[in-house]
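Shown next, in structure tokens, is the structure this report addresses.
The values are calculated or read from the model by the stated rules, or taken from the named source; none is laboratory data. Note that the coordinates shown come from a computational prediction; the quantities given were computed from them, not determined experimentally. Reconstructed Cβ throughout: ideal geometry from the backbone, glycine too, with neighbour counts over all protein chains shown.
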Amino acid sequence: MFLPVDEQLGRIRDGVAEIVPESELAAKLERSRVERKPLIVKQGFDPTRPDLHIGHAVSIHKLRTFQELGHRVVFVIGDFTALVGDPSGQSDARPMLTTAEIESNLQTYREQVFRILDPGLTEIRQNSEWLAGLRLEDILRLTSQYTVARMLERDDFADRYADEKPISLVEFLYPMMQAYDSVALEADIELGGTDQKFNLLLGRTLQERSGQEPQVCVLLPLLRGTDGERKMSKSYDNYVGLTMEPTDMFGRTMSIPDSLLAEWVQLASGASGVERSEWIGKADEDPLAVKRWLAETITARYHGSEAGAEARVAFDRVHRRRDVPEELETCVLSAGDEGTLWIGHVLARSGLARSTSEARRLIDQGGVKIDGEVVQDPECHVSPGSYVMQRGKRRFLRLVVEAAGGPENCPSTTDGDTGSG
RNA sequence: GGUGGGGUACCGAAGCGGCCAAACGGAGCAGACUGUAAAUCUGCCGGCGAAUGCCUACGGAGGUUCGAAUCCUCCCCCCACCA
């Protein structure tokens, strides 16, 4: 049932930033093998944002590895901790979420993780199960085991403190709660990004003080986002979402700076070690080829190889040949009383511009095309009919203008990324 | 509780009675260039069918003034030091 410890270690180590401490991991694996008892491997995710991205996927794939090795994976949804918000790496206090928001995010999480994890082998728990019932007395006992000074050692807190930014008391509780998850689950191993190190280590401390064997912390490198600077995060809009359409996945990946290639091939491609180093080796001489392979590989990883190839073709069409994409979202607008629609309103109401003022600016700058023709006159009107609208290089829309009074229907009025990122 | 320093647009940060829709930097957007990107250069970067116009906006509410982001009063919030 269980592979030899060395083999397991090899697979676990692959792509991992740090294992603390590795010797304990080997011991746990050894014992589990002898006793034929799977290890409990946990990772928590706060349902603060409804989308998981390929940055999260780095560690979720590692969880998958543990599943394949026969261990028991517990995916903790931090529905209770999300009330507080993880201060890790945060420069500001986070707003508290309402239970309703958490509830709806939680549902989408379940779907998304099973794109990677084996549903039959995954236990999903919500930490409200054990956290919500704690009494103040329990909390006092818990908090008495750690000191303010040690909390303040954390970089994020220390920086905020130095910057004269607020730190709420409840944020001190966050790591305690996450650590308590490990106690409640009697976790053997906890996975997390390197920014989670403090929280995971606190889990060890708390477990020990509760008379448990401390968990091993498996820290995974953080994937930087498409901007090449900050860690991938939905709030920076520099992410590739697990549920994104193939064209968007492909496009977003293509938009990463070359300097990020090695990192992404390493962490996000899912290719074998040999293949990875092969492509990384080529990154300097032919970054474009590597990036195209990477974009297709990532897309294929979540949508299948056919979709990956299609996304590549669609990308070439729009970006290399500057052509119109094959599939366009359609936006139906109705003309005004005079039977036509002013271009400013077309852009604003279709979501291509945020306001008529922005629409004017875009036109002034030559950033708007109708059926491939640059719109010169900011006062022009559009007659009823069907057009291809283009804003900038890569936002397209099929525009249908109907006679006055008809129903309007635009799919992405807010801020649609039509072609790709 | 006391004393002092703060709260300005997406973020950081200037302004401290009219020349302020608010310098500057970053982010973002558009154009040029390109390998898609980055870098670079140019322009834009509150809203209104555009306008030496109106509306909204410098933590909140009032007030002084012909005129307030700027002065006054009260309130809210953040930070530091001392308790």
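Observations
- A:ASP155 meets the conditions (1) surrounded by fewer than 18 Cβ atoms within 10 Å (Cβ to Cβ); (2) over 25 Å from the mean Cα position of the chain (by Cα); (3) among the acidic types (Asp, Glu) in every case but one. The failed one is (2).
- Filtered residues of region A:294-312 (kept if of a type in the set (A, V, I, L, M, F, W, C) and either in contact (Cβ under 8 Å) with a residue 40 or more places away in the chain or within 16 Å of RNA strand B (Cβ to nearest atom) (or both)): A:LEU294, A:ALA295, A:ILE298, A:ALA307, A:ALA311
- Among the residues making up region A:363-389, those that are more than 8 Å from RNA strand B (Cβ to nearest atom), under 19 Å from A:SER334 (Cα atoms) and part of a strand (DSSP E or B) are A:ILE370, A:VAL382, A:GLY385, A:SER386, A:TYR387, A:VAL388, A:MET389.
- Each residue in region A:269-312 was checked for being among the acidic types (Asp, Glu) and either in a helix (DSSP H, G or I) or buried (at least 19 other Cβ atoms within 10 Å of the Cβ) (or both), and 5 of them qualify.
- Residues that are over 25 Å from the mean Cα position of the chain (by Cα) and either more than 20 Å from A:THR143 (Cβ to Cβ) or β-branched (Val, Ile, Thr) (or both), drawn from region A:186-214: A:GLU186, A:ASP188, A:THR205, A:GLU213
- Residues satisfying the stated conditions in region A:240-260, i.e. closer than 13 Å to A:ILE54 by Cβ and either within 10 Å of RNA strand B (Cβ to nearest atom) or not in a loop (DSSP other than H, G, I, E, B) (or both): A:GLY241, A:ASP248, A:MET249, A:PHE250, A:ARG252, A:THR253, A:ILE256, A:LEU260
- Condition check for A:SER355: modelled with pLDDT of 85 or more, in the same structural domain as A:GLU338 (by TED's automatic domain parsing), surrounded by fewer than 12 Cβ atoms within 10 Å (Cβ to Cβ) and within 12 Å of RNA strand B (Cβ to nearest atom): yes
- Index of the failed condition, A:ALA149 passing every other in (1) touching a residue at least 24 places away in the same chain (Cβ under 8 Å); (2) part of a helix (DSSP H, G or I): (1)
- Selected residue [surrounded by 21 or more Cβ atoms within 10 Å (Cβ to Cβ) and at pLDDT below 75] from A:GLY85, A:GLY89: A:GLY85
- Complete set of residues in region A:313-348 that are in a helix (DSSP H, G or I), surrounded by fewer than 20 Cβ atoms within 10 Å (Cβ to Cβ) and in contact (Cβ under 8 Å) with a residue 24 or more places away in the chain: A:HIS319
A quick yes/no check of all residues on (1) in contact with a Leu (Cβ under 9 Å, 6 or more places away or on another chain); (2) within 16 Å of RNA strand B (Cβ to nearest atom); (3) under 17 Å from A:GLN207 (Cα atoms):
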| site | (1), (2), (3) |
| --- | --- |
| A:GLU129 | no, no, no |
| A:LEU142 | yes, no, yes |
| A:VAL148 | no, yes, no |
| A:ALA158 | yes, yes, no |
| A:TYR161 | yes, yes, no |
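- Test: A:GLY192 is under 25 Å from A:GLY70 (Cα atoms) and outside any loop (DSSP other than H, G, I, E, B): yes
- Residue within region A:331-343 that is assigned by TED's automatic domain parsing to the domain that holds A:PHE396, at pLDDT below 90 and near RNA strand B (Cβ under 8 Å from one of its atoms) present: yes
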